[in-house]
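Shown next, in structure tokens, is the structure this report addresses.
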Amino acid sequence: MVPSFRSILSLSLRLTHTYTLTLSLFLCFKQVLWNAVAKALEVEDPESLCEVSMVGTPLTHERFLRRSYGTYGPALKAANGQTLPFAQTKVENLLCTGDSTFPGIGLPAVAASGMLAANTLTSVTNHLEMLEKIGL
Ligand SMILES: Cc1cc2nc3c(=O)[nH]c(=O)nc-3n(C[C@H](O)[C@H](O)[C@H](O)COP(=O)(O)OP(=O)(O)OC[C@H]3O[C@@H](n4cnc5c(N)ncnc54)[C@H](O)[C@@H]3O)c2cc1C
């Protein structure tokens with residue numbers, strides 16, 4: 001999606017604070033990230049070198065993804081013995097996929113959970129046969 005003569009820089013900062021942070025505080029975190037970039041690239045104002053600059057906060061995720069508290073990724077409690085969530089649920093034939101069902105965040109987690117669901121539906125041997133049939 002980016003022209004070959006341009007680059008995308010995507011930065012994330014893990015927030016462990018409570019959700020009651022104000023937008024201005026989120027923007028302070030943004031500055032923390034830019035400071036880290038400035039240090040890494042050894043330039044004074046890296047943001048001024050950007051053609052497009054966008055900041056996403058948990059508020060963004062809440063708004064666009066409708067995630068509770070703007071978060072994603074499954075809430076696993078190790079203390080309760082919870083392990084990786086698989087696609088199956090207690091309801092027969094109901095499978096779960098998406099960024100809240102596989103550890104990690106974003107599209108890689110979505111894709112991985114889709115594969116888990118597919119593998120739950122049929123055997124790997126069947127997958128291989130189907131892939132061969134369609135020439136992959
Ligand atoms: C600003 C922003 C930037 C991002 N950048 C990146 C990035 O750079 N890299 C990356 O990997 N990820 C990124 N993500 C995260 C990524 O978009 C999500 O992790 C991904 O879209 C989640 O996919 P999903 O299929 O689990 O859920 P969604 O894409 O949220 O799909 C859920 C679908 O279910 C529908 N739905 C919800 N409730 C109901 C209901 N009751 N009935 C019927 N339908 C319903 C919704 O309308 C939606 O279409 C970004 C997200 C945002 C908001």
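Read the figures in this text as sums done on the coordinates, not as results from a lab. Not measured: the values here are computed from a predicted model. No Cβ is skipped: glycine too gets one built from the backbone with ideal geometry, and neighbour counts run over all protein chains shown.
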List HIS127, HIS61 from most exposed to least, where exposure is judged by having the fewest other Cβ atoms within 10 Å.
-> HIS127, HIS61
Tell me, what is the FRET efficiency for THR71 and LYS39 to the nearest 0.05, using R0 = 30 angstrom and their Cβ-Cβ distance as r?
-> 0.60
Going by how many other Cβ atoms sit within 10 Å of their own, how do MET54, MET115, MET1 line up, fewest first?
-> MET1, MET54, MET115
Fewest to most neighbouring Cβ within 10 Å: what's the order for THR101, THR125?
-> THR125, THR101
